[in-house]
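The structure appears below as structure tokens.
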Amino acid sequence: MKDTITLKMSLPKISDIELVAIEGLDHLAHHLGIVEDKIGEAKVLVTEAIINALEHSGEESPAVKVEFTMTKRELIILVRDYGKGFDPSSVEDPNIQDKLGSKDKRGWGLKLMKTMSDDFAIESGKHGTRITIKKLLG
């Protein structure tokens, strides 16, 4: 069995496409013998990163590139869009009290990714955004 496995895909902007990436992640984890509870948080990270990329990149950017590199010990998730980019420092962490009293419960994606990952980086500019997430598995 190979020590490191990489899966790359280009996801079009269609409803629920993140489920394709989750299925691919499941197959990699199963192949390497990683138990479900270790990969569960990684599935949340992947889902949030892909949905954010598809939602915020803009209509002119119809696809998102996703890459998983996995070993028995760690998973590196790369999600890249080619949209308009944004200033990550301008995104405020959501306030739980404000969200509880509001109809808008959204806006947790970046905070979730930062909190649930073992390493998290965003590079963004006028040619798109790249998110790199590391999740320790063992």
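Taking a threshold of 26 Å on the Cα-Cα distance, which of the pairs 65/126; 38/65; 65/111; 38/84; 38/126; 13/114 fall above it?
38/84; 38/126
In segment 1-79, which GluC sites (Glu not before Pro) are in a loop and have at most 14 other Cβ atoms within 10 Å, using DSSP for the loop call?
Within segment 1-79, the qualifying GluC sites (Glu not before Pro) (loop, at most 14 other Cβ atoms within 10 Å) are 59, 60.
Taking the Cα of residue 86, stepping 7 Å toward and past its beta carbon, and measuring to each backbone N in segment 29-67: which are under 19 Å?
What the label zone holds, given the 19 Å backbone N cut-off, is 44-66.
Every number in this text was worked out from the coordinates using simple rules, so none of it is lab data. Because the structure is predicted, anything quoted here is derived from the model rather than measured. Every residue, glycine among them, receives a Cβ derived from its backbone with ideal geometry; neighbour counts consider all protein chains shown.
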